[in-house]
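S.K.: Sharing a structure below in structure tokens format, with a few things to ask.
The values are calculated or read from the model by the stated rules, or taken from the named source; none is laboratory data. Note that the coordinates shown come from a computational prediction; the quantities given were computed from them, not determined experimentally. In this analysis, Cβ positions are derived from the backbone assuming ideal geometry, glycine residues included, and neighbour counts consider all displayed protein chains. We work out accessible area using only protein heavy atoms, side chains counted, and drop any ligands, DNA or RNA first. Shrake-Rupley method; radii C 1.70, N 1.55, O 1.52, S 1.80 Å.
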Amino acid sequence: IESLPVEVQRELKEAIEKTRNNKRMVLNLAISYSGRWEIIEAVKSIARDVKNGKVKVDEIDDKLFSNYLKTAGMPEPDLLIRTSGEYRISNFLLWQIAYTELYICDCLWPDFRRKHLYEAIKDYQRRERRFGMTSEQIKKKSFNGNA
């Protein structure tokens, strides 16, 4: 927030305060955000905690690392909708989107409407979520009652 113009900081803080007690929806804004920056900051924090004896090197795993990210506690996205027909993720949630389904839409963001969202959701519903596994592994896992 500190890297934003003062007027934008003020308006953003005002909006956060006005919506502080809202319960039905969570809105995350990636303003002046960089996935690489977030990962570097997490590594620095882990390094400090290792140095200070709060974390042992052997304790570092996916879960611990995720807890050091700015998005700690937020679920990883199931679907990322990329507008403007671009086939890149643009340094966005680099760690968190490892198993996120991507939907590429030629529509530019200002023109993105409900119908485009519905198209993305329908496309997503036709997909098999494998989380790094093959279809056969998914079937075997489901068959063994591990799903």
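S.K.: Would you pull out the residues with amide H under 5 Å of residue 107's amide H, same chain only if 5 or more places away, H placed 1.01 Å from N?
M.R.: HN-HN under 5 Å from residue 107: 84, 85.
S.K.: Go through 108-116, 74-82 and give me the packing order, highest mean Cβ count within 10 Å leading. Spell out each step's value before the answer.
M.R.: Details: 108-116: 10.2, 74-82: 14.6.
Peptide ranking by packing, descending: 74-82, 108-116.
S.K.: Tell me, what HN-Hα J-couplings in whole Hz come from the Karplus equation 6.51 cos²θ - 1.76 cosθ + 1.60 at θ = phi - 60° for each residue of the stretch 77-86, using x for Gly and Pro?
M.R.: x, 7, 9, 10, 9, 9, 7, 6, x, 6
S.K.: Charges at C-beta only: +1 for Lys and Arg, -1 for Asp and Glu. How large is the resulting dipole of the stretch 18-86 about its Cα centre, in Debye rounded to 20? Each step should come with its number before you reach the end.
M.R.: On the way: 13 positive and 10 negative charges, 105 e Å.
My answer is approximately 500 debye.
S.K.: How far, in nm, would the chain grow between residue 125 and residue 18 when pulled straight, counting 0.36 nm per residue and subtracting the alpha carbon separation? Kindly include the intermediate steps, with their values, before the conclusion.
M.R.: Details: separation 107, 0.36 × 107 = 38.52 nm, distance 3.48 nm.
That works out to 35.0 nm of additional length.
S.K.: Nearest 500 deg cm²/dmol is fine: what mean residue ellipticity at 222 nm does the chain get from its DSSP H runs of n ≥ 4 alone, each adding -39,500 (n - 2.57), divided by its residue count? Could the numbers behind the result be given before it?
M.R.: Numbers: 5 runs with 57 residues, N = 147.
Here the helix-only value at 222 nm equals -12000 deg cm²/dmol.
S.K.: When the Karplus curve 6.51 cos²θ - 1.76 cosθ + 1.60 is applied with θ = phi - 60°, which whole-Hz ³J(HN,Hα) does each residue of the stretch 13-28 get, with x for Gly and Pro?
M.R.: So the Karplus estimates, Gly and Pro as x, are 4, 5, 5, 4, 5, 5, 9, 3, 9, 5, 10, 8, 8, 10, 10, 10 Hz.
S.K.: Ordered by residue, what ³J(HN,Hα) values in Hz, to whole numbers, does the stretch 38-47 give under the Karplus form 6.51 cos²θ - 1.76 cosθ + 1.60, where θ = phi - 60° and Gly and Pro are x?
M.R.: After applying 6.51 cos²θ - 1.76 cosθ + 1.60, I find 4, 5, 4, 4, 5, 4, 4, 5, 5, 4 Hz.
S.K.: Given the chain, what whole percent of its Cα pairs are spread farther than 21 Å? Could you put the intermediate results ahead of the total?
M.R.: Values: 6795 of 10731 pairs.
Looking at the chain, the distances longer than 21 Å represent 63 percent of pairs.
S.K.: So how much slack lies between residue 117 and residue 29, counting 0.36 nm per residue of separation and subtracting their Cα-Cα distance, in nm?
M.R.: On the way: separation 88, 0.36 × 88 = 31.68 nm, distance 1.82 nm.
Length gained between residue 117 and residue 29: 29.9 nm.
S.K.: Using modelled amide H (1.01 Å from N, peptide plane; none on Pro or chain starts), what sits under 5 Å from the amide H of residue 101, excluding residues fewer than 5 places away?
M.R.: When sequence neighbours closer than 5 places are left aside, the close amide H contacts are 79, 80.
S.K.: Also, quick follow-up: Report the gain in length on full extension from residue 109 to residue 37: 0.36 nm times residue separation, minus Cα-Cα distance, nm rounded to one decimal. Please list the in-between numbers first.
M.R.: Numbers: separation 72, 0.36 × 72 = 25.92 nm, distance 2.44 nm.
Gain in length upon complete extension: 23.5 nm.
S.K.: For the chain, what does the accessible surface come to per residue with a 1.4 Å probe? Please give it in Å².
M.R.: Values: 11850 Å² over 147 residues.
For the chain, the per-residue accessible area is 81 Å².
S.K.: Quick check: pseudo-label points 7 Å beyond the Cα along Cα→Cβ at residue 4 and residue 144, how many nm apart are they?
M.R.: Going by the 7 Å Cα→Cβ label model, 4.7 nm.
S.K.: Provide the FRET efficiency to the nearest 0.05 for the residue 95-residue 58 pair, computing r from the beta carbons and using R0 = 25 Å. Please report the intermediate quantities before stating the final value.
M.R.: Values: r = 20 Å, r/R0 = 0.82.
That gives a FRET efficiency of 0.75.
S.K.: Additional query: With only Lys, Arg, Asp and Glu charged, each at its Cβ (+1 for the first two, -1 for the last two), find how big the charge dipole of the chain is about the Cα centre; round to the nearest 20 debye. Don't skip to the end; give the middle numbers.
M.R.: Numbers: 27 positive and 22 negative charges, 92 e Å.
In total the dipole reaches around 440 debye.
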